[in-house]
Amino acid sequence: MDDLVRFEGRPAPPRGGRDYRGPHALHRYYPTSDQWVCVDAGDDASALRALVAVGVGHADVDDDELADVLGQSLGELDSVSAAGWLNELGIAAVPARRVTEVLQDPQLLLTEFSHIQAADGGGFFSVPGRHAAFSRTPRFGPLRPPGIGQHTREVLEAAGLTPDEIDAALADGLITTGGVMPARLTTAYR
């Protein structure tokens, strides 16, 4: 969602490297005995107090030490138990899921979270659904990304340019027009 939310003074989103697990101890992924759990404590102070109360860390614990201690505690549990234990402490956590599990989630399927589409030339791939639903603009089917220059004429006409002005800009190479973006399978990541 970082790329969708913009406002004056917005802090830059945290960045990490290849094995980046999160920006701090209470907002990161931890391995458990069977897979991973995602911890996302909105109020770090209350989350830390809850962990200290059950003997995980101490009041003056630094971030690295807390990550180590919490990681050891969670590593002894399976992901469902780890998330449940943290939730009981008032700390938001969920078992991490593989992409295939997310794409088959019944609740997400009902909200059209993603869509399976046929690729040009064969095969199938998943595309994101709409990020929000509104009562006056209901969801229907997948959104296709526009091709480069696909809507150039419509946008410039809506901005008040005449067809002759648009043709002149095209002839001068200032703008481009194009068609629908091809639906191709990309190289799989990892």
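Of the residues in the stretch 83-96, at least one is in contact with a Leu (Cβ under 8 Å, 6 or more places away or on another chain) and under 30 Å from residue 126 (Cα atoms).
Counting only residues that are under 28 Å from the mean Cα position of the chain (by Cα) and assigned to a loop (DSSP other than H, G, I, E, B), the stretch 40-61 holds 3 of them. The requirement of being of a type outside the set (Gly, Ala, Ser) and surrounded by fewer than 10 Cβ atoms within 10 Å (Cβ to Cβ) is fulfilled somewhere in the stretch 161-170, by at least one residue.
The residue that is farthest from residue 75 (Cα to Cα), among those in the stretch 1-41 that are of a type in the set (Asp, Glu) and surrounded by fewer than 10 Cβ atoms within 10 Å (Cβ to Cβ), is 8. Looking only at the stretch 42-71, residues that are within 15 Å of residue 92 (Cβ to Cβ) and surrounded by 19 or more Cβ atoms within 10 Å (Cβ to Cβ) come to 4 in all.
Taking the stretch 105-153 on its own, how many of its residues are at pLDDT below 85, assigned to a loop (DSSP other than H, G, I, E, B) and within 25 Å of residue 84 (Cβ to Cβ)? Total satisfying the criteria: 2. For the stretch 158-190, residues that are at pLDDT 90 or above and either in a loop (DSSP other than H, G, I, E, B) or within 30 Å of residue 116 (Cβ to Cβ) (or both) total 11. Going by what's in this entry, would residue 81 be described as of a type in the set (Gly, Ala, Ser), at negative phi and assigned to a strand (DSSP E or B)? No; evaluated as a whole, the condition is false for this residue.
Residue-level check: of (1) within 30 Å of residue 45 (Cβ to Cβ); (2) more than 24 Å from the chain's Cα centre (by Cα), residue 136 misses just (1).
The values are calculated or read from the model by the stated rules, or taken from the named source; none is laboratory data. This structure is a prediction, so every number in the text was calculated from the model and none was measured. As a convention, Cβ positions derive from the backbone with ideal geometry for all residues, glycine included, and neighbour counts pool all protein chains shown.
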